[in-house]
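Accompanying notes for the structure given below.
The values are calculated or read from the model by the stated rules, or taken from the named source; none is laboratory data. Just so you know, these numbers come straight off a predicted model, no measurement behind them. Neighbour counts are summed over all protein chains in view; Cβ atoms, including those assigned to glycine, are modelled from backbone coordinates with ideal geometry. The accessibility values were calculated without ligands, DNA or RNA, using every heavy atom of the protein model including side chains. Shrake-Rupley method; radii C 1.70, N 1.55, O 1.52, S 1.80 Å.
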Amino acid sequence: MSSDPLVIFTPSGKRGHFPVGTPILTAARQLGVDLDSVCGGRGICSKCQIAPSFGDFPKHGVTVSETALSDWNAVEERYDRVRGLNRGRRLGCQATVQGDVVVDVPPESQVHRQVVRKAASARPITMDPATRLVLVEVQEPDMHEPSGDLERVQDALRDQWGIEHVHAGLPVLRKLQPALRKGEWKVSLALHTPANTEQTLILDVWSGFHEGGLYGLAIDLGSTTIAAHLCDLVTGEVLASSGLMNPQIRFGEDLMSRVSYVMMNPGGDVEMTNAVREAINTLAGEIAAEAQVDPALIMETVVVCNPVMHHLLLGIDPVELGQAPFALATSDSLTLPARDLDLNALNAEAQVYLLPCIAGHVGADAAAVALSEAPDKSEDLVLIVDVGTNAEILLGDRTRVLACSSPTGPAFEGAQISSGQRAAPGAIERVEIDPDTKEPRFRVIGSDLWSDDPGFAKATAATGVTGICGSGIIEAVAEMRMAGLLDASGLIGSAAQTGTTRAEPEGRTHAYLLHDGTADGGPRITVTQGDIRAIQLAKSALYAGARLLMDQLEIDTVDRVVLAGAFGAHISPKHAMVLGMIPDAPLDKVTSAGNAAGHGARIALCNRAARTQIEQTVGRIHKVETAVEPRFQEHFVAANAIPHATDPFPELAKVTTLPAVAFGASGGSDGGRRRRRRS
């Protein structure tokens, strides 16, 4: 084992040992990490900014000391003095390795910035927002009938709009008198009335008729990405959608790693809370600029997230969620002033609504999916899988709905994969392998052409072929299985066993060469045995969670499957079934719901009654805790096979025949089981 310090890059997960004194930029380039630089390492361009993290990282097996990087040098000090460096940032070309270190590459330092593919759904929403705009005409003050301006505004709201129980905070009181007089006693008011209450808060005031609009943010706060939709609170129109990487990923790629970080590092929860709040402020500013909207007109935000992210956003220590009985500080919905969460990029009086959590490991994001997809109103039995670093799974119909979460990890996002990367231009997202020749072809993000199409090289000249993202690795592994390159246990065969020189030896195992770009200065992209193992673990957790819910209903098949989430929207149903990610179902009954959690957040933002509805629905959902269910491990082990050790998957016969590979087992079946009647 090398005695040189270990350098771990997030979010890519790439790591390697480097001698003391190696610049971080050099380490990044040798590992193929996406870290930008255009000045030749002279500390001029600032493109190579990185964010080192210190403390104990059980997930990575390292403890990072404050001396893990070299001290600031004169180049960094000059740059900070002249142009400024964000707190905690270093220049990758100047900071050198002194010990084991975890280094985050922020989005703005990446050459190929991630495409956060969480676009807004176009499905209609009935408008009844909690925040609305009204115009009132207020009585002028009268010495003979003394009363305050606010009291006369309250009278006008009662008389002209039938709105009672109105109050206002100090920021509005400071603006009220000038607005009334400038508007000649006519003012526009932004009013917020939370669900299940008649109390109304004045958020802002303008003289005369306000034509600038009112806006809200629907935020899907995921463990890997943060996506937001800026909505018009009058029309419901989505004006802009954007996203960025969750900066907490440098503290741990999965939720339990972040909980472990808090356990091992006093104050770690505060670090992560500050990081995510700063990211939301940045995202709010960027999305408002994109839509050419004044951020001060963003009056309300709805946030959906898993329980750990929920607690970290609120500034609550998440340690209780890392150990049985996985107790939440609160599972109820919350309405809070944005200032309590340091969300200062919004209106000073903006309100934040968080949907209720379902259980300790099943959060507000699952509630949002339930609001969007309404399994409790379904006539047939539907399985809804929101695929991500932490998968949320719902199963049910109008008689009963069950929910659980399953820790799939970051492999589906391209992390922990040898040539993996986030979804960005140049990343392989679609793969096909000829079963006879074993030759691959693929498509990359940013081009509609396949790699064997004329013009592919020209079409991808700007981006190149840089790596493989989550949907790409799913298809690659499934195609390898169908082409006979991979046996049911997940073992890659040798060149002699598979009949192709693309099966290359790699130590005691083999790897499949998907693309060799070295002739043009690009990377060699392979699927290694380690990659197969990472995907097996992720898909097994996902499948085991679904099977656990099916056990509760004593069934072996479902009527239909809905794949949700940004990643779920880009998964091929056929490849997901070949891989064994989901239980068997007719292919025409496997559909994508897109970003269902984000759509649920938009429903809650635009419809006050929907908040009451989902709060009631959550109370009726039966929660299943995978961490304490003994059959979860049984299902997990069986699901390690590709597609599965026991389930027959008869639907696959309609699309492919999985080969009995000479060097491994053919993928067992127990002969099939009929769907049992629900008790």
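For the stretch 308-330, state whether one or more residues are touching a residue at least 24 places away in the same chain (Cβ under 8 Å), of a type in the set (A, V, I, L, M), assigned to a loop (DSSP other than H, G, I, E, B) and within 30 Å of Pro586 (Cβ to Cβ).
Taking every residue of the stretch 308-330 in turn, none turns out to be touching a residue at least 24 places away in the same chain (Cβ under 8 Å), of a type in the set (A, V, I, L, M), assigned to a loop (DSSP other than H, G, I, E, B) and within 30 Å of Pro586 (Cβ to Cβ).
I'd like the full set of residues that are of a type in the set (S, T, N, Q) and not in a helix (DSSP H, G or I), limited to the stretch 507-554. Steps first, please.
Start the filter on the stretch 507-554 by keeping residues that are of a type in the set (S, T, N, Q), which leaves 509, 518, 526, 528-529, 536, 540, 552.
Selection gives Thr509, Thr526, Thr528.
Of the residues Ile468, Ile532, Ile474, Ile492, which single one is touching a Leu at 6+ places or on another chain (Cβ under 9 Å) and either open to solvent by 10 Å² or more (accessible area, probe 1.4 Å) or touching a residue at least 60 places away in the same chain (Cβ under 8 Å) (or both)?
Ile474
In the stretch 27-43, what residues are open to solvent by 20 Å² or more (accessible area, probe 1.4 Å) and either acidic (Asp, Glu) or in contact (Cβ under 8 Å) with a residue 12 or more places away in the chain (or both)?
Listed by number, the residues that qualify are Gln30, Leu31, Gly32, Asp34, Asp36, Ser37, Gly41, Arg42.
When the residues of the stretch 102-115 are filtered to those that are of a type in the set (A, V, I, L, M) and assigned to a loop (DSSP other than H, G, I, E, B), which remaining residue is surrounded by the most Cβ atoms within 10 Å (Cβ to Cβ)?
Among them, the one singled out is Val105.
Does the stretch 212-269 hold any residues that are open to solvent by 30 Å² or more (accessible area, probe 1.4 Å) and either among the aromatic types (Phe, Trp, Tyr) or on the phi > 0 side of the Ramachandran plot (or both), and which are they?
Gly267
Is the stretch 202-210 home to any residue that is within 15 Å of Ala601 (Cα to Cα) and in contact with a strand residue (DSSP E or B) (Cβ under 9 Å, 6 or more places away or on another chain)? Explain how you work it out, then say what you get.
Quick first cut of the stretch 202-210, residues within 15 Å of Ala601 (Cα to Cα) only: none.
Within the stretch 202-210, not a single residue is within 15 Å of Ala601 (Cα to Cα) and in contact with a strand residue (DSSP E or B) (Cβ under 9 Å, 6 or more places away or on another chain).
Does Leu176 satisfy the condition of being in contact (Cβ under 8 Å) with a residue 40 or more places away in the chain and either farther than 30 Å from Ala364 by Cα or open to solvent by 20 Å² or more (accessible area, probe 1.4 Å) (or both)?
Working: in contact (Cβ under 8 Å) with a residue 40 or more places away in the chain: no; either farther than 30 Å from Ala364 by Cα or open to solvent by 20 Å² or more (accessible area, probe 1.4 Å) (or both): yes.
No; evaluated as a whole, the condition is false for this residue.
Tell me, which strands (runs of 3 or more DSSP E) wholly within the stretch 366-451 include 3 or more residues that are farther than 19 Å from Thr591 by Cβ and open to solvent by less than 10 Å² (accessible area, probe 1.4 Å)?
Passing ranges, in order: 400-406, 427-433.
Restricting to the stretch 350-365, give me the number of residues that are modelled with pLDDT of 95 or more and open to solvent by 10 Å² or more (accessible area, probe 1.4 Å).
Within the stretch 350-365, residues that are modelled with pLDDT of 95 or more and open to solvent by 10 Å² or more (accessible area, probe 1.4 Å) number 1.
Filter the stretch 535-557 down to the residues that are β-branched (Val, Ile, Thr) and crowded, with 23+ Cβ neighbours inside 10 Å and list them by number.
Ile535 - this is the single residue of the stretch 535-557 that is β-branched (Val, Ile, Thr) and crowded, with 23+ Cβ neighbours inside 10 Å.
Out of all the residues in the stretch 63-101, which are part of a loop (DSSP other than H, G, I, E, B), out of contact with any helix residue (DSSP H, G or I) (no Cβ under 7 Å at 6 or more places or on another chain), under 22 Å from Pro247 (Cα atoms) and open to solvent by less than 40 Å² (accessible area, probe 1.4 Å)?
Ala68, Gly84, Arg89
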